[in-house]
Amino acid sequence: MRLRDELPVDHKLATVYRCGAALCGVILLVFGALGFADRLTPFDTDGTRIAGLSTNGALSLVFVVCGLVLVAGGVVGGNFASTLNLCIGPLFLISGFAHLFVLDRPANVLDFGMTNVVFSFVMGLLILTFGMYGRVSGGLPHDNPYWRRRHAREAARQALAARRRVQRAALTASPSAGGAGPLGSASPGRPHRTARAR
């Protein structure tokens, strides 16, 4: 499905995608900015913690970049924000799984700890949820473009019924031909009555 063609820009789902991307982006920006504020070295692995997370300069840079990208997606909003959430969310999940295998090893250049792994999973699921909202969840309203795509025949029947209702309403509202004239007008062939002279 091509989001650009299927989801109207002003659809209410666009607000969810916009707010979700902006919220997650701000959270990542805060963590990254705190790391830069402490002037951490790029690949230091001495276990420096900020807000409960082990971090270094490189990880702070990753957070800032991802945060800026998500905030930009929130500014653009709509279809772009949804696609962006669907792309970045899995990256955080993959990062969490990958760092499970490099904890306490030299390959752990981003100084990940177990709390970082949990944070990566939670943030990835949050971003992914915002991106998938309204696309794969159950009970979608019938004006949802993804529901219409999955139920093309029923959507076509509903659209046809809606058009017929509009046509019937237009015919009912239009004045019928040959109807009575305006109120208060005299009937043809019958002169107005005049008051009797006393």
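Every number in this text was worked out from the coordinates using simple rules, so none of it is lab data. Keep in mind that this is a model prediction, so the values were computed, not measured. A quick note on method: Cβ atoms are made from the backbone with ideal geometry, for glycine too, and the neighbour counts reach across all protein chains shown.
Annotations
- Close pairs (7 angstrom Cβ cut-off, 6 or more residues apart or separate chains): in a loop (DSSP other than H, G, I, E, B) in region 115-135, of a type in the set (Phe, Trp, Tyr) anywhere: Gly134/Tyr146; Arg135/Tyr146
- Some residue of region 49-66 being part of a loop (DSSP other than H, G, I, E, B), surrounded by fewer than 17 Cβ atoms within 10 Å (Cβ to Cβ), hydrophobic (A, V, I, L, M, F, W, C) and free of Cβ contacts under 8 Å to residues at least 40 places away in the same chain: yes
- Among the criteria (1) assigned to a loop (DSSP other than H, G, I, E, B); (2) touching a helix residue (DSSP H, G or I) at 6+ places or on another chain (Cβ under 8 Å); (3) not small (Gly, Ala, Ser), the one Phe80 does not fulfil is (1).
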